[in-house]
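Since the structure comes first, as structure tokens, the remarks are kept for the end.
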Amino acid sequence: MVGSLEFIKSATGSSVSSFSITDCFTDKYDVYKVVADDIVTSTEAFLELRFINSSGTIITTSDYDFADLFLKANTTFVERKVTNDDSIFDFNLSIGSVSGGAGNTIAYIFNPTNASSYTFLTFQAGSVYDDSGTFGFGQKGIGVLKQASDITGLHFLTNTGTVTSTISVYGVK
Amino acid sequence: MAGSLIEISSNTLGSDTSSVTLTGIDSTFDVYKFTLNNVIPDTADADLQFRFTESGSPNTTSNYDNAYKSLRSDTTFSNSSATNNDKINLTGSMENDSNTGGQNSILYVFNANNSSEFTFATLENVFLAEDGTMLGNQGGFVLTQTTTVDGGQFFFDSGNIRSGARFVLYGLRK
């Protein structure tokens with residue numbers, strides 16, 4: 001029996017400040033799963049997400065909203081919410097420079113190639129962060145690009161330092 | 001290699017429709033998954049709601065409990081919970097603009113076809129309110145009845161689901 005979760009492509013960044021996964025979204029699917037595991041950063045860093053449109057342009061306009069809950073193992077949970085940002089800033093946070101440190105995010109992307117719809121995502125993560133010690137935490141989040149654009153790719157960038165990771169995209173048929 | 005996420009049934013609406021029912025849950029799998037995308041009401045401020053089905057008919061008993069953390073981009077998050085409801089609210093009030101994509105959800109359903117256990121589900125979704133605010137729920141719900149569930153029904157508390165909405169039911173291979 002043919003399955004309905006189909007691997008599309010992956011991309012690897014090795015000690016880079018940004019990298020892209022181009023042409024991973026098509027009209028074949030409406031829902032995509034993005035798996036970003038073993039995100040190793042050179043210092044504690046956010047891994048931000050931007051979308052790439054069908055012209056190949058990385059969208060840097062302030063049309064991103066996101067909201068996420070940091071479920072911290074060592075202290076009070078933290079709410080984060082931003083409107084009109086130029087990226088999904090909180091796609092992942094981790095301190096990958098410590099031994100065993102890494103970030104891991106699973107996201108679902110909805111309607112990216114539908115030029116009559118905004119592009120939405122939900123995401124969750126399990127990572128470690130620095131709070132006078134290294135502690136585990138989870139993230140539960142949502143986001144939207146408030147542009148009715150034909151989105152065909154993903155662009156990842158750090159807010160500081162570099163990242164090494166392989167990120168994969170699957171279609172949910 | 002064969003895949004492990006198996007499509008059971010789906011419905012992409014060709015016209016505005018009052019409700020969508022997807023069935024096909026049986027003993028083949030233990031875990032099922034619904035995906036919803038581009039689900040938009042034709043009436044402003046409608047809430048998307050859900051019931052499990054038994055033999056294709058919705059279970060309308062007051063045996064649904066839910067608890068969510070409701071995330072939003074504009075202000076403090078809130079807790080959303082209820083017990084002994086006759087349905088599940090998957091969203092709060094939604095906007096009805098057909099150009100913004102409405103509501104998108106992932107649900108996992110557990111033990112549905114096991115008549116000796118309750119039926120559980122996890123939910124994550126994202127949607128827009130009438131004023132354009134982004135919101136989403138992260139949490140779970142349960143039907144506190146030991147019944148044999150075979151699917152689910154989606155509907156708004158007022159008006160119809162707009163054409164173009166897509167609903168899919170998958171099974172996760174054991």
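The values are calculated or read from the model by the stated rules, or taken from the named source; none is laboratory data. Since this is a predicted model, take the numbers as computed values, not measurements. Positions of Cβ are backbone-derived with ideal geometry, glycine not excepted, and every protein chain shown enters the neighbour counts.
A few comments on the model shown:
- Evaluation of A:Thr60 against (1) modelled with pLDDT under 95; (2) more than 10 Å from chain B (Cβ to nearest Cβ) (one fails), failing number: (1)
- With respect to the conditions (1) in a strand (DSSP E or B); (2) within 14 Å of chain B (Cβ to nearest Cβ), A:Phe46 falls short on a single one, namely (2).
Table: residues versus (1) under 16 Å from A:Ser18 (Cβ atoms); (2) in contact with a helix residue (DSSP H, G or I) (Cβ under 6 Å, 6 or more places away or on another chain); (3) of a type outside the set (Asp, Glu).
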{"residue": "A:Ile52", "(1), (2), (3)": "yes, no, yes"}
{"residue": "A:Ser55", "(1), (2), (3)": "no, no, yes"}
{"residue": "A:Asp65", "(1), (2), (3)": "no, no, no"}
{"residue": "A:Ile88", "(1), (2), (3)": "yes, no, yes"}
{"residue": "A:Gly100", "(1), (2), (3)": "no, no, yes"}
{"residue": "A:Ala107", "(1), (2), (3)": "no, no, yes"}
{"residue": "A:Thr113", "(1), (2), (3)": "no, no, yes"}
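Conditions (1) at pLDDT below 95; (2) of a type outside the set (Val, Ile, Thr), marked per residue:
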| position | (1), (2) |
| --- | --- |
| B:Glu54 | no, yes |
| B:Thr60 | no, no |
| B:Tyr64 | no, yes |
| B:Leu90 | no, yes |
| B:Asn96 | yes, yes |
| B:Ala121 | no, yes |
| B:Val126 | no, no |
| B:Asp131 | yes, yes |
| B:Gln145 | no, yes |
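- Of note, B:Lys69 does not satisfy the criterion of being under 18 Å from B:Val20 (Cα atoms) and in contact (Cβ under 8 Å) with a residue 12 or more places away in the chain.
- Tally of residues being in contact with a strand residue (DSSP E or B) (Cβ under 8 Å, 6 or more places away or on another chain) and either among the basic types (Lys, Arg) or within 23 Å of A:Glu44 (Cβ to Cβ) (or both) across the stretch A:122-168: 32
- Restricting attention to the stretch A:148-173 and to residues that are within 11 Å of chain B (Cβ to nearest Cβ) and surrounded by 17 or more Cβ atoms within 10 Å (Cβ to Cβ), the residue that is farthest from A:Asp38 (Cα to Cα) turns out to be A:Lys173.
- Hits in the stretch A:16-38 - residues which are at positive phi and either modelled with pLDDT of 95 or more or not in a strand (DSSP E or B) (or both): A:Asp23
- Filtered residues of the stretch B:1-37 (kept if within 12 Å of B:Arg162 (Cβ to Cβ) and either under 13 Å from the mean Cα position of the chain (by Cα) or acidic (Asp, Glu) (or both)): B:Asp16, B:Val20
- The listed residues are A:Gly101, A:Gly136, A:Gly96, and the only one of them that is modelled with pLDDT under 95 and exposed (fewer than 15 other Cβ atoms within 10 Å of the Cβ) turns out to be A:Gly136.
- Pair list, Cβ < 7 Å and 6+ apart or interchain, from the stretch A:74-94 residues that are more than 17 Å from A:Ile167 (Cβ to Cβ) and within 13 Å of chain B (Cβ to nearest Cβ) to residues that are among the hydroxyl-bearing types (Ser, Thr, Tyr) and surrounded by fewer than 18 Cβ atoms within 10 Å (Cβ to Cβ): A:Glu79/B:Thr76; A:Asn84/A:Ser62; A:Asp85/A:Ser62
- Top-ranked residue of the stretch B:141-159 - restricted to ones that are surrounded by fewer than 18 Cβ atoms within 10 Å (Cβ to Cβ) and in contact (Cβ under 8 Å) with a residue 40 or more places away in the chain, ranked as nearest to the other protein chains (Cβ to nearest Cβ): B:Gly159
- A:Ile39 being under 18 Å from A:Thr119 (Cβ atoms), away from chain B (no Cβ under 14 Å) and buried (at least 17 other Cβ atoms within 10 Å of the Cβ): no
- Of the strands (runs of 3 or more DSSP E) lying entirely inside the stretch B:1-108, those containing at least 1 residues that are surrounded by fewer than 19 Cβ atoms within 10 Å (Cβ to Cβ) and within 14 Å of another protein chain (Cβ to nearest Cβ) are B:5-12, B:31-39, B:64-72, B:78-85.
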